[in-house]
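The values are calculated or read from the model by the stated rules, or taken from the named source; none is laboratory data. Since this is a predicted model, take the numbers as computed values, not measurements. Heads up, the Cβs are rebuilt from the backbone with ideal geometry, glycines too, and the neighbour counts pull from every protein chain shown. What goes into the accessible areas is simple: the full protein's heavy atoms, side chains included, and nothing from ligands, DNA or RNA. Shrake-Rupley method; radii C 1.70, N 1.55, O 1.52, S 1.80 Å.
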Amino acid sequence: MQRVEKELARLIEEIDYDEVTRLFSNLNGGKRLRAKLILKIASDNEQAPLLGAIVEMIHAASLLHDDVIDDAMTRRGESSVNATEGSKTAVMLGDILYSKAFSELVVFDKEIAKIIASSVTSLSKGELLDVNMAKEFNESEETYLNMLYLKTATLIEASAAASAMLAKKDVNTHKVYGKNLGLSFQIIDDILDITTDSKTLGKPAMNDFVEGKCTLPYIYLYEKLEENDRKKLVSLHAKKLCADEISWIKEKMMTHQSVEESFKLAEKLSLEAQSVMSGDEDLVNILQTMIKRNY
Ligand code: FPP
Ligand code: MG
């Protein structure tokens, strides 16, 4: 991973603006899941660290914009850039990062550049869908999973496919792996928003529903509830919740096993990915660690 961090530092240096270097060095890089995946798949390829750095810059840019769109004051347990420096700076830093990432893509094979670039269009479509879906209570699992695929899984899928191309490995199986890893990762994230306390999360718990996001456990709960309880759940959507309301939702979810059912889907997707990648111990390990994470 040091090679990715070195490439990132070089690209940021090339932007040649101290303010950008300062802002970028203050960002918490997170797990660097996408770059790790690229390095694992194309470990021997000399272009892999650059591809990893490009994808991490795109991911960082998308989160900068997402925090402005979501009005989020924290990111990975720290103050977001929009909170400390203002939304204008966060948007412009995002623009600089993703345009720089795109300029660097030209050194790659056309197919690799295309797969990464088009995943960013999907990412942006997914974000718009997410924002629009939050306006009303969404009860459709299919609509929700399609949005998740676009918003989160496509960049992971593209990272896996592009690095498979670099390493001359099978692109289709790596695509399935990346897609399922991305989907199950996000489903686990949605579960943790309900089951983890806000201190551990680094953001308010049950925040998704307050923001209008009907994640899988809410969709599964809705499916099981009687008419009156359904009405109550819908009436709580996209509102600040008091302690009683939080307890009511949690109790109903316990009764109807909504979290367990959501976890089962994440597990099923993860097992599918493990089976297409059964010969690759490292990639199977990434999935197993991800599915077991509890914060
Ligand atoms: C987080 O979702 C958001 C994303 C994974 C994608 C955001 C995409 C864009 C803003 C499109 C623009 C793209 C670029 C490259 C500038 P979330 O809000 O559900 O998760 P969170 O809890 O981590 O905020
Ligand atoms: Mg967000």
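Charge dipole (Cα centre; +1 on Lys/Arg Cβ, -1 on Asp/Glu Cβ; no other charges) of the stretch 146-279 amounts to roughly 400 debye.
If R0 is 51 Å, the Cβ-Cβ spacing of residue 17 and residue 243 corresponds to a FRET efficiency of close to 0.65. On the chain, 51 percent of the accessible area sits on carbon and sulfur atoms, based on a 1.4 Å probe. Amide H to amide H distances under 5 Å link residue 205 with 198, where only residues 5 or more positions off or on other chains count and H is placed in the peptide plane. Per residue, the stretch 185-295 exposes an accessible area of 53 Å² to a 1.4 Å probe, with every protein chain left in place. Spatially, the stretch 97-145 and the stretch 215-291 are offset by 23 Å when compared through their Cα centroids.
The convex hull drawn around the Cα atoms of the chain, when projected onto a plane and averaged over every direction, covers 14.8 nm².
If the elastic network links every pair of Cα atoms under 10 Å, which of 53, 35, 243 fluctuates the most in the Gaussian network model of the chain? For the chain, modelled as a Gaussian network with Cα springs under 10 Å, the answer is 243. Charging the Cβ of each Asp and Glu at -1 and of each Lys and Arg at +1, and nothing else, the dipole of the chain about its Cα centre rounds to 240 debye.
Amide H contacts under 5 Å for residue 75: 80, restricted to partners 5 or more places along the chain or on a different chain, H placed in the peptide plane at 1.01 Å from N. Do the alpha carbons of any pairs in 231/268; 31/199; 252/292 sit beyond 21 Å of each other, and which pairs? Those over the limit are 231/268; 252/292. For the stretch 199-267, trypsin sites (Lys or Arg not before Pro) are listed when DSSP marks them as loop and at most 16 other Cβ atoms sit within 10 Å of their Cβ; the list is 239, 240. In terms of its C-alpha gyration tensor, the stretch 166-233 has an oblate overall shape, because the principal axis ratio a/c (a ≥ b ≥ c, square roots of the eigenvalues) is not below 1.5 and a/b does not outweigh b/c. Sorting 121, 21 by solvent-accessible area of protein heavy atoms yields 121, 21, largest first, with a 1.4 Å probe. Here is what passes the span test in the chain: the DSSP H helices with alpha carbon length of 30 Å or more along the helix axis and a Kyte-Doolittle mean of 0.5 or above are 48-69. Each of the peptides 124-137, 88-101 was scored by the mean count of other Cβ atoms within 10 Å over its residues; in descending order, highest first, they stand as 88-101, 124-137.
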